[in-house]
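Notes to accompany the following structure.
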Amino acid sequence: MLVLALVSAAAFWSVAPVLGLPALLAGPRLQRYEIINWNISNVSLILFVVDISLLGPAQLIRDVAVFPLRRRQYRELEALWTELRQAQPELVLGDRIGNRLQRRIIECFDGLARMSPYIGVAANRADMSTCTEAELAVYLRQALALKAELDRRPEDMAPVELPVAALQDATGADVNLLVSLARAFRAQQPTAR
């Protein structure tokens, strides 16, 4: 706050000559004003440069701290993302949209939204709002298995609201819920024979 106040004061003192304020402060007071203006401008410029210079290292430190979490989330979403992408090939976003984790999260949410009618059929129209991640993973796996058959008769399908889709916010709770769904999905994955 102090830095902001100093920068504001320096901006005022820098604009004062343009507004004609030195004419009001005629005589020896004008010299004193110029010295004060010069000193405040120098201090403000130094503080501004230091503040701007610290933004880069602060962002780097934050990114380095968050990188292992994002990498783990990216890997944990792989099984769910692969199955949803195979079931809905039109889900794939271009490479120019966000980073890899953001694209994978968006594609998973879109895939779950597009699979919701199939999940509703697999769950026999059960209330999905109280569904756990493990139950949703079972319903999703059943829906993926039934998708080809259900595509031939789409008239008896209606979208259902999934607990994952209701939590999309900026706090990361939606991503954590999606990752826990991906873990449950991977845990009940059928074994290869």
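The label point for Arg75 and the one for Ser129, both projected 7 Å from the Cα toward the Cβ, are 3.8 nm apart.
Taking each residue as 0.36 nm, the span from Asn39 to Arg114 lengthens on full extension beyond its C-alpha to C-alpha distance by 20.7 nm.
Label-to-label distance for Arg100 and Arg186 is 1.4 nm, based on points extended 7 Å past Cα in the beta-carbon direction.
Ranked by the mean number of other Cβ atoms within 10 Å per residue, highest first, peptides 81-90, 50-59 order as 81-90, 50-59. Potential lengthening of the chain between Glu161 and Asp51 amounts to 35.0 nm, from the contour at 0.36 nm per residue minus the alpha-carbon distance.
Name the shape class, rounded, prolate or oblate, that the alpha-carbon gyration tensor gives for segment 92-154, where a ≥ b ≥ c are the square roots of its eigenvalues, rounded holds for a/c under 1.5, and otherwise prolate holds if a/b is larger than b/c and oblate otherwise. Oblate is the answer for segment 92-154, as a/c is 1.5 or above yet b/c matches or exceeds a/b.
Using the Cβ-Cβ distance between Ala65 and Arg152 with R0 set to 41 Å, the FRET efficiency from 1/(1 + (r/R0)^6) comes to roughly 0.25.
Every number here is computed from the coordinates shown, using simple stated rules; none is lab data. None of the values given here were measured: they were computed from a predicted structure. A quick note on method: Cβ atoms are made from the backbone with ideal geometry, for glycine too, and the neighbour counts reach across all protein chains shown.
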